[in-house]
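Have a look at the structure below before the remarks.
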Amino acid sequence: CKAVKSSMAAAQLEICEKEERAVSLAKYTVDLSNKFTHQRGAFTVCLYGGSLINYLQLVSSSFPFH
């Protein structure tokens, strides 16, 4: 990813390639799943098409899920 400063906001924007976004999103989803499964005993994700499903499918065969 490449960091870019935004002139409209104090936040920093990251520009990533599609595969980098997919891996990052998959890791984030796994981290949340582990956190809430540990805290609450369950984790639920509702998917309604779009990029989340596509990104997770990109990495599902090669991502080391725990």
Problem - Residues satisfying the stated conditions in the range 1-11, i.e. modelled with pLDDT of 70 or more and assigned to a strand (DSSP E or B) - result: Lys2
Problem - Inter-residue pairs, beta-carbon under 9 Å, first open to solvent by 60 Å² or more (accessible area, probe 1.4 Å) and in the range 16-43, second in a helix (DSSP H, G or I) and β-branched (Val, Ile, Thr), 6+ apart - result: Glu19/Val59; Lys27/Val59; Phe43/Thr37
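The values are calculated or read from the model by the stated rules, or taken from the named source; none is laboratory data. The model shown is predicted, which means the values in this text are computed figures rather than measured ones. Virtual Cβ from ideal backbone geometry, glycine too; neighbours counted across all protein chains shown. Surface accessibility is based on the protein's heavy atoms, side chains included, excluding ligands, DNA and RNA. Shrake-Rupley method; radii C 1.70, N 1.55, O 1.52, S 1.80 Å.
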